[in-house]
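Below is one structure; the comments refer to it alone.
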Amino acid sequence: MASFTDLETWKQARKIRNIISGFVKNFPVEERYRLTDQIVRSSRSIGNNLAEGHGRFHYQDNIRFCIMARGSLTETLDHLIIALDEEIITNETLQAFQVEYDSCLRLINGYIQYLKTKKGTVD
C-alpha cells in the first residue's frame, strides 16, 4: 500500500474528523477552550496516529500507533457523551455518531489483526 490515504481505516477516521468539525460549529462559545478543543483534538488524533503508524518501518510500531488511534476514537466518543450530558447535542446525534464510531472501531481492530498476522504474532 503506497499511502496511508489508501487505508479504509484512515478514510473512516477522516469521516469522523469531518463529522466532529461539523458538530462543534454549533457548540456554545463558552465551551470553545474546554469541550470543543478537546473533541477536535481527539478526533484529529485518530487519523494522525494511523498516518504516523503507517509511516513507521516496523509492524510493531504501526500496531502501537493503531492502538493509540483506537484510544483517541474512544476519547472522542466520551467527549460526545459529555456533550449529550451537557445538553449540547441530542441523543439522536450521539446515536448517529455511534454508527460511525462502531465502523471505525471495527476497521482499526481489523487492521491491527492484519498487522499482527504480517508480523507473525497473532493473539
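All of the numbers you see were taken from the coordinates with simple rules; none came from a lab. Keep in mind that what you see is a predicted model, and the values were worked out from it rather than measured. Here Cβ is always computed from backbone atoms with ideal geometry, including for glycine, and neighbour counts include all displayed protein chains.
Residue count for region 19-59, restricted to those that are polar (S, T, N, Q) and under 11 Å from the mean Cα position of the chain (by Cα): 5. Taking the listed residues Asp61, Asp37, Asp85, the one that is of a type in the set (Asp, Glu) and closer than 21 Å to Ile108 by Cα is Asp61, with no other qualifying. Restricting the search to helices (runs of 4 or more DSSP H) fully inside region 1-110 and requiring at least 3 residues that are of a type in the set (S, T, N, Q), free of Cβ contacts under 8 Å to residues at least 40 places away in the same chain and surrounded by 17 or more Cβ atoms within 10 Å (Cβ to Cβ) gives 37-54. More than 16 Å from the chain's Cα centre (by Cα) and of a type outside the set (Lys, Arg): does that describe Glu8? Judged against the criteria, Glu8 is not a match. For region 69-95, name all the residues that are under 15 Å from the mean Cα position of the chain (by Cα) and over 23 Å from Arg34 (Cβ atoms). Residues satisfying the conditions are Ala69, Arg70. Which of the residues spanning region 64-110 are in contact with a helix residue (DSSP H, G or I) (Cβ under 8 Å, 6 or more places away or on another chain), farther than 16 Å from Lys11 by Cα and small (Gly, Ala, Ser)? Once the filter is applied, which keeps residues that are in contact with a helix residue (DSSP H, G or I) (Cβ under 8 Å, 6 or more places away or on another chain), farther than 16 Å from Lys11 by Cα and small (Gly, Ala, Ser), region 64-110 yields only Ala83. Total residues in region 111-123 satisfying the condition of being part of a helix (DSSP H, G or I), of a type outside the set (S, T, N, Q) and loosely packed, with under 14 Cβ neighbours inside 10 Å: the figure is 2.
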